[in-house]
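The values are calculated or read from the model by the stated rules, or taken from the named source; none is laboratory data. All values derive from a computational prediction rather than experimental measurement. All accessible areas refer to the heavy atoms of the entire protein, side chains included, with ligands and DNA or RNA removed. Shrake-Rupley method; radii C 1.70, N 1.55, O 1.52, S 1.80 Å.
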Amino acid sequence: MSSMTLSEPSTAPASSKVIQPGWVRTMHWINAVAMIMMIMSGWQIYNAAPLFDFRFSHAITLGGWLGGALLWHFAAMWLLMVNGLAYLTVGLITGRFRKKLLPLTPSGVLTDTRLALTGKLSHADLTKYNYVQKLLYAGIILVGIVVVLSGLSIWKPVQLQWLTALFGGYDVARYVHFAAMAAIVGFLVIHVILALLVPKSLRAMIIGR
Amino acid sequence: MLRIKSLLIPGVDKKLLVKDATKLMPELSRRRFIAGGASLGALTLLTGCDVSDSFSAESMLTRISKFNDGVQAAIFNPNAMAPTFSEKDIRRPFPFNAYYTEDEAPNIEGKDWKLEVSGLVQNRKSWTLDELYKLPEVKQITRHICVEGWSAIGSWSGTPLRDFLKLVGADTSAKYVWFRCAEDYTSPLDMPTALHPQTQMTFKFDDKILPRAYGYPMKIRVPTKLGFKNPKYVVSMEVTNDYKGGYWEDQGYNSFSGS
């Protein structure tokens, strides 16, 4: 394994083969748009009855007022859900999840986290995810499922009352929905920073190689 | 939440309550909410179109909201009951909530009040409070969920709306029951929800005659809908096939708003 630095140009094999297939790139960016719309409109909805002692600045919310934010939220949810379901289906059927995200071992995560924090983690072969990536990507898929299900449970606490009960009732489900949003925002920050630190990974998510 | 809760307690800090309510109220120009929402420029970046000229964004959102009405009507199960709770779960005092302060709430003289029944019904007579109080009474303790997100459990007693609709010979194949209130608040209720066993013409809260704050003399309690679909101070109900809109529905809240 080479000990390439971040700025080194990618080697020939890495640039010639497809790192991110077209369907992954398409769904990734659709998800990015949907997620950002859901989060920003969600913040505006949160502001109508805050769970904690703060509100989100109007400048970073979407919808202008509660009614507008709800329209955005319940429109973007279709984009998020349809795209997300398609992503899960294709990911499972093609075996991409298994190939890319497994095995996910604690020792692997520890080793790669240490290497990442000391700047020694190799990014030579972007077709293989390191254990930090595996953990973050598998984790965010699970959080994505939780945010959608908890959202459905507070949208339909009568029709889907079994789901609401699963989350501990309506009031608790609101906190679960908020926590999942916070986890996604946390992921987003780390994800964007890391992508900018390894720009060729960002390029691969745009043009595929 | 804490701040909001304390503001909602009747008689507490009305000035702040009004301020808060004003914040939640739509801007004068309905159209502006889209432009306001996109002030960050995010939408411009994402779609590459100028959203200040947001006619298409607004009409797209309105169309999706109508689509969502259809989806919700399709998944509405007339046999699914809203969860019920016990006496100890009741929130006391129950929050007062409206787009005006409690002082400004309609102050109705019970003996002068009449419920007007119109539209596609066989018997269009108006009902006095005494006549309505004689109808069979059902009590239910359910969760009131506000469109804002907060919720509170309350106890409401009255007569099932579907029994009353039968009594007045309503055409239950009509699409809506449209309610009008003393302060000119309006709201349409889809017929399947109007016929839901828990949908109630409410005359009592917590075993006592409905106080002014909660909609005296009559409220429509719909535990399968968000709070704003539960009109208070109701003065008329009309069975109709026309969609007549409502106070909040016209401003952009989703019309079905089912729970």
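Quick notes on this structure:
- Ratio of the Cα radius of gyration of the stretch B:65-137 to 2.2 N^0.38 Å, where N counts its residues: 1.64
- For A:K156, the aspartates and glutamates whose Cα falls under 18 Å of its own Cα, not counting residues fewer than eight places away in the same chain, are A:D171, B:D69, B:E148, B:D190.
- Rg ratio for the stretch B:137-259: its Cα radius of gyration over 2.2 N^0.38 Å, N being its residue count, equals 0.97.
- Accessible-area order (highest first, 1.4 angstrom probe) of the listed residues B:S157, A:S201: A:S201, B:S157
- Using a Gaussian network model of chain A in which every pair of alpha carbons under 10 angstrom is joined by a spring, one finds that among A:H58, A:H123, A:H177 the greatest mean-square fluctuation is at A:H58.
- Interface area, chains A and B: about 3500 Å² of buried accessible surface, summed, with a 1.4 Å probe and ligands, DNA and RNA left out.
- Ranking of B:D103, A:D53 by solvent-accessible surface, largest first: A:D53, B:D103 (1.4 Å probe, protein heavy atoms only, all chains present).
- Per residue, the stretch A:21-94 exposes 40 Å² of accessible surface when a 1.4 Å probe is rolled over the protein heavy atoms with every protein chain present.
- Accessible surface ranking for A:K200, A:K99, B:K125, 1.4 angstrom probe, highest first: A:K99, B:K125, A:K200.
- The stretch B:42-182: Cα Rg divided by the 2.2 N^0.38 Å rule of thumb: 1.44
- Accessible area (Å², per residue) of the stretch B:171-252, counting only protein heavy atoms and a probe of 1.4 Å: 30
- Protein-protein interface of the stretch A:151-173, residues with accessible area decrease of at least 30 Å², isolated chain reference, 1.4 Å probe: A:W155, A:K156, A:P157, A:V158, A:Q159, A:Q161, A:Y170, A:D171
- Accessible surface for the stretch A:104-209, divided over its residues, is 51 Å² per residue with a 1.4 Å probe.
- For B:L226, the solvent-accessible surface computed with a 1.4 Å probe is close to 30 Å², ligands and nucleic acids excluded.
- Springs between Cα atoms under 10 Å define the GNM used for chain A, and in it the highest mean-square fluctuation of A:I193, A:I19, A:I154 occurs at A:I193.
- Chain A - percent of accessible surface contributed by carbon and sulfur, probe 1.4 Å: 74
- For the stretch B:79-251, the fraction of 1.4 Å probe accessible surface lying on carbon and sulfur atoms is 49 percent.
- Here the stretch A:21-94 yields Rg over Rh of 1.11, to two decimals, using C-alpha coordinates and the Kirkwood radius.
- Calculated translational diffusion coefficient of the stretch A:104-209 (4 °C, 1.567 mPa s; Stokes-Einstein with Kirkwood radius over alpha-carbon pairs) equals 82 µm²/s.
- Eigen-decomposition of the gyration tensor built on the alpha-carbon atoms of the stretch A:4-156 gives equivalent ellipsoid semi-axes of 35, 19, 16 angstrom, largest listed first.
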